[in-house]
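The values are calculated or read from the model by the stated rules, or taken from the named source; none is laboratory data. As the structure is a computational prediction, the values presented were derived from the model and not from experiment. Methodologically, a virtual Cβ is constructed for each residue, glycine included, from the backbone with ideal geometry; neighbour enumeration extends over all protein chains shown. Heavy atoms of the whole protein, side chains included, go into the accessibility calculation; ligands, DNA and RNA do not. Shrake-Rupley method; radii C 1.70, N 1.55, O 1.52, S 1.80 Å.
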Amino acid sequence: ETGVTQTPRHLVMGMTNKKSLKCEQHLGHNAMYWYKQSAKKPLELMFVYSLEERVENNSVPSRFSPECPNSSHLFLHLHTLQPEDSALYLCASSQEGSGRAWNPAAGELFFGEGSRLTVL
Amino acid sequence: QKEVEQNSGPLSVPEGAIASLNCTYSDRVSQSFFWYRQYSGKSPELIMSIYSNGDKEDGRFTVQLNKASQYVSLLIRDSQPSDSATYLCAVKIIQGAQKLVFGQGTRLTINP
């Protein structure tokens with residue numbers, strides 16, 4: 001396997017279900033991300049795990065819960081979602097610089113194919 | 001003001017012509033700029049990046065960065081139908097933790 005792989009590719013769930021999205025990167029990167037892509041809206045950054053530190057978008061509801069057990073794996077746990085949460089969820093990875101040195105190439109994201117989520 | 005702005009299009013260009021896509025950003029201290037291409041039903045893929053003022057060329061693609069005016073553009077020469085996609089501009093914003101902020105994308109259609 002190469003690149004960034006996401007499972008499942010498609011998920012339909014009810015509002016009371018609990019499910020998880022999984023992402024795995026095989027690029028040796030040290031940062032992983034969850035983005036949400038809705039129709040006619042910009043890609044929205046939900047969570048970042050970079051250099052073992054978690055950064056989150058404060059506008060993301062608590063019904064989304066990320067987990068990053070190591071630098072290669074990332075999960076997004078879903079609980080009591082709403083129909084408006086239906087979207088394409090994209091995982092990405094990148095190689096970030098450490099310390100204060102500016103790394104211009106940092107931020108070149110490599111995306112997985114996405115998990116298309118439908119909440120009924 | 002949005003952090004990264006693009007004209008959502010759709011932009012229609014005849015085959016063989018130059019397609020010009022523009023992007024403006026609000027954060028004056030941004031240092032890294034990226035263009036991603038996203039085909040329908042697929043995930044974004046990086047096609048060009050630029051870090052300093054001026055032009056950068058790669059094959060049929062040219063990226064132009066003007067930090068004083070806070071815009072970055074993508075030119076596609078000799079446009080092909082296979083270039084039809086949504087093009088996403090992304091800017092690295094430094095606010096504590098660095099993050100990549102995307103514009104909403106410009107949908108480009110190349111007409112044979």
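Before moving on, here are some points about what is shown:
- Amide N of the range B:4-34 lying under 20 Å from the label point, which is placed 7 angstrom from the Cα of B:Arg77 along Cα→Cβ: B:13-22
- Virtual spin-label span in nm between B:Arg28 and A:Arg54, 7 Å along Cα→Cβ: 3.6 nm
- Each of A:Lys41, B:Lys56 has its accessible area taken with a 1.4 Å probe; listed largest first, they run A:Lys41, B:Lys56.
- Among the residues of B:56-65, the average count of other protein chain beta-carbon atoms within 10 Å of the residue beta-carbon is 0.
- Rolling a 1.4 Å probe over the protein heavy atoms of the range B:6-112, with every protein chain left in place, gives an accessible area that is 46 percent carbon and sulfur.
- Solvent exposure of A:Arg116, expressed as accessible area, is near 110 Å², computed with a probe of 1.4 Å over the protein chains only.
- Shielding by partners, peptide A:33-44 (average Cβ within 10 angstrom, other chains): 4
- At a probe radius of 1.4 angstrom, the accessible area of the protein assembly as shown per residue rounds to 49 square angstrom.
- When all protein chains stay in place and ligands, DNA and RNA are ignored, the 1.4 Å accessible-area order of B:Glu3, B:Glu57, A:Glu96, largest first, is B:Glu57, B:Glu3, A:Glu96.
- Working from Cα pairs under 8 Å separated by at least six residues, relative contact order for the range A:1-77 is 30 percent.
- Positive contributions from Lys and Arg (+1) and negative ones from Asp and Glu (-1), summed over other residues with Cβ under 13 Å from the Cβ of A:Pro42, come out at +2.
- What the Kirkwood sum gives for chain B is a hydrodynamic radius of 14.1 Å, with every pair of different alpha carbons counted.
- DSSP-defined antiparallel bridges as percent of all bridges, the protein assembly as shown, nearest 5: 90 percent
- Accessible area buried, both sides summed, chains B and A with 1.4 Å probe, Å²: 1600 Å²
- Heavy-atom accessible area, probed at 1.4 angstrom with all protein chains present, ranks A:His79, A:His73, A:His10, A:His29 as A:His10, A:His79, A:His73, A:His29, highest first.
- At R0 = 22 Å, FRET efficiency that the Cβ-Cβ distance of A:His10 and A:His79 yields, to 0.05: 0.70
- Potential lengthening between B:Leu11 and B:Tyr39 on full extension [0.36 nm per residue; Cα-Cα distance subtracted]: 8.6 nm
- Within straight-line cross-link reach of A:Lys22, aspartates and glutamates at Cα separation under 16 Å, skipping those fewer than 8 residues along the same chain: A:Glu1, A:Glu67, A:Glu113
- Per-residue mean of foreign Cβ neighbours for A:108-118 is 3 (Cβ atoms of other chains, 10 Å radius).
- About its Cα centre, the dipole of the protein assembly as shown is roughly 440 debye, where the only charges are +1 on Lys and Arg Cβ and -1 on Asp and Glu Cβ.
- Total lysine pairs in chain B at Cα distances under 20 Å, for residues eight or more apart or on different chains: 7.
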